[in-house]
Every structure is written in C-alpha cells, then in structure tokens.
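Written below as structure tokens is the structure these notes are about.
The values are calculated or read from the model by the stated rules, or taken from the named source; none is laboratory data. Nothing here was measured: the structure is a model prediction, and the numbers come from that model. Cβ coordinates were reconstructed from backbone atoms using ideal geometry, including for glycine residues, and neighbour counts include every protein chain displayed.
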C-alpha cells in the first residue's frame, strides 16, 4: 500500500487505512473524548470479523488513533456494534455484539472492561444477554442507559413477519440482566408518516428538554436505508411513540451513535458511507458531531460548536431562491433552496429534503459533504475530493 497524496478530511474522522463503519460509545473521560468504531483493518470492504477501533480527542476536532481496543477471538468471530456505560464508582463497561460466523444475524451481548484508566487496553468479560425467545431474524447493537435507579439495555431486533423492534433488558448492577419484553416495535408495512423497515439497527432512546426520543437506523433485506426517529414517552422499559420522522436523506448517513458532550449537550455522530481513498486503502468516514434539539416534534441536528468554530473556511450558506453547486471527477452536487425544502441533485438522483425557515448550512470536507436544513440532514460521501463550490446564476 502506498502513502496517499490526498489530504484526509479535517473534521470528519477517518481511519488511516482500513474499513470503518458504525461509530460507538463516544464518551468524555479524564479530559478526552474516547471514540470507538467498528473496524476491519487491511481492506476497504466490510467483513464480519469486525473489531473495535479507538481514537481520542480533547476537542471533537483533532483525533489521535490508538491501538485496536477489542479483537475477535475468545469465542467471538466478530465484535460488532454496542455502547459503553460508566457506573457510580467510575467503572466503565463496554457492551458489544458478539457474533459467530456464518450465522451472524443473531448475536449475543458480551462485556469488556478497561485495564488502565486511559482506556487503551480492554479485557473481555461474560456474555450478559442472549436473544429473547422469539422467532428472530436479527438481534444486535446494545445501547445501555441509566433508567431511574436501574440500568436499561435496548437491543435491535427483527422478528419474522416484518416487525422491527427494540428488545428491553434491565439490570441493577450492569452485570446481571433480565429480559423485560419489547420496548417498542413497528411493522415494515407501516409507512405513515415514515417507513421504518424490518429491523431497527442501533436503536437508542434519550431525553431532550424533558421529552423522550428514539433514534434508529432502517434496515430491510440486507439494505441499509436512512435514520428515522420518534418522539414519545419512555417508562418502565416501554416506549410509546406519539410521532415519527425521518432525520437523514441521501445514501450516506447511517448508524448514528448518541452521546453527551462534556457540557451535557445531547449529540449524535454517524457513519458516512461512500467516502473513500483507494490510494490510502481507507473506506468510510464519520460525520462531524451534531447537537440535537426539538422544534415541536421535529428533531433538529446542527453542527457542534467546536466544529463550527474550527471549520469556518469550509462552510457556506444557501439562502431562499439560491442554487449552489460543487463538483469532483465523479459528478456534480447541485443544491437549490426552496420555500420549505432543499432540492439536492447528485449522480442522477434528485432528493427533496424538508427545511425550516432560514439559511441552509453546507460543510465541505474532502470527499464528504453535510447539509443542515434545520429540519433534516443530507449527506454525500465520495471517492474524490469536492471543489469549494460556487453559486449558480
């Protein structure tokens, strides 16, 4: 493999080489943000023998890569997505999906704990949860959160017949877990007002300004689609959805991971598909961190202030009636701002993205583009860098 002559994206984390997908367990600890991610070294395509890569940062802008945190072996053919929880004594525990090949659709939930306070070396623990007694297609992606005096774990679940669900487990100590049923479910035939597929990958529930929100990635028939969300009420391990919405558009965003920054703001960071550098032998990027808010029942994601401050020269705004375009050797992205939407045209596909009042923010960073409309996100990942962009008459 030769050293690439291309500059890596500055604000979107990419591995030096290898395949990356889901961001995992972004956590502020001892003055640094620790970011984990699903990773396959030595190749630019996905493989089931995933690891957990590891990087850290003081500011969510500049990242330092560390040795791989968790490797396959010891009963794991692949180490897939999960989350991290820290108890009242400061003990951290990773919860990950342990899979066995070739039948890796239904995983088991296993733990790991750090050997050192820098979280550089981890030791695998026990399997703490198995798939519930249902007729399952898939079971993976644990998300652990505090729920009053106890801990709650949600796991993405697909049930034969087309029900996408989040299985619910409860624990008093992060060690012993009990299955308590489905936290929520929805059939793939339900499409009003948004379709949510046959499997919820990476389902997560969190609170914004006293309201409960569930975010999940939409999967069906081995196809990855987009990120959907619901606003509702979470109580006693069950989520009652009162509204549904779609957060992302385009073919890039998937598998967002919820975290709170060092100031407690609710945030997401997502996998951005399509970004790659064949010369460097790397594939995929992560979005910049997004700060979340609710505008009524609409989930709004905006660039994190740390990235906003650092990336001024790479951002542009598009006002009502304006058209803007950027190009690389793989095509031209054209964005037109209309009254209540943004029209994005890329590689023969026109996408209509809902928008709120005001200007639309665009961030260009190497082969990645993110568009913030105030009502949704649109993202593009490419195999080549984009030019700075220009207004079109």
Among what's in region 342-356 and is without any contact (Cβ under 8 Å) to a residue 24 or more places away in the chain and not in a strand (DSSP E or B), pick the residue that is farthest from the chain's Cα centre (by Cα).
-> 348
Would you point out the residue of region 21-41, among those that are at positive phi and touching a residue at least 40 places away in the same chain (Cβ under 8 Å), that is surrounded by the fewest Cβ atoms within 10 Å (Cβ to Cβ)?
-> 30
Scanning for something out of contact with any strand residue (DSSP E or B) (no Cβ under 8 Å at 6 or more places or on another chain), within 24 Å of residue 4 (Cβ to Cβ) and outside the structural domain of residue 28 (by TED's automatic domain parsing), does region 280-295 turn up at least one residue?
-> no
Filtering region 338-361 down to residues that are buried (at least 16 other Cβ atoms within 10 Å of the Cβ) and over 17 Å from residue 248 (Cα atoms) yields 359
Per the filter on region 1-44, residues more than 22 Å from residue 311 (Cα to Cα), touching a strand residue (DSSP E or B) at 6+ places or on another chain (Cβ under 8 Å) and part of a loop (DSSP other than H, G, I, E, B) are 4, 17, 41, 42, 43, 44
Considering residues of region 222-264 that are at pLDDT 95 or above and out of contact with any strand residue (DSSP E or B) (no Cβ under 7 Å at 6 or more places or on another chain) only, the residue nearest to residue 152 (Cα to Cα) = 235
In this structure, does residue 11 turn out to be outside the structural domain of residue 141 (by TED's automatic domain parsing) and under 20 Å from residue 255 (Cβ atoms)?
-> yes
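Conditions tested, residue by residue: (1) closer than 21 Å to residue 145 by Cβ; (2) assigned by TED's automatic domain parsing to the domain that holds residue 144; (3) touching a residue at least 24 places away in the same chain (Cβ under 8 Å); (4) touching a strand residue (DSSP E or B) at 6+ places or on another chain (Cβ under 6 Å).
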{"residue": "48", "(1), (2), (3), (4)": "no, yes, yes, yes"}
{"residue": "54", "(1), (2), (3), (4)": "no, yes, yes, yes"}
{"residue": "57", "(1), (2), (3), (4)": "no, yes, yes, yes"}
{"residue": "67", "(1), (2), (3), (4)": "no, yes, yes, no"}
{"residue": "76", "(1), (2), (3), (4)": "no, yes, yes, yes"}
{"residue": "81", "(1), (2), (3), (4)": "yes, yes, yes, yes"}
{"residue": "92", "(1), (2), (3), (4)": "yes, yes, yes, yes"}
Residues in region 63-81: is at least one under 19 Å from residue 116 (Cβ atoms) and surrounded by 21 or more Cβ atoms within 10 Å (Cβ to Cβ)?
-> yes
Output for region 271-286, where each listed residue is more than 19 Å from the chain's Cα centre (by Cα) and within 11 Å of residue 14 (Cβ to Cβ) = 277, 280
Find the residue count for region 42-56, including only residues that are under 19 Å from residue 277 (Cα atoms) and surrounded by fewer than 21 Cβ atoms within 10 Å (Cβ to Cβ).
-> 6
Report yes if residue 153 is out of contact with any helix residue (DSSP H, G or I) (no Cβ under 9 Å at 6 or more places or on another chain), closer than 22 Å to residue 272 by Cα and surrounded by 20 or more Cβ atoms within 10 Å (Cβ to Cβ), otherwise no.
-> no
Flag if residue 339 is under 23 Å from the mean Cα position of the chain (by Cα) and over 17 Å from residue 386 (Cβ atoms) = no
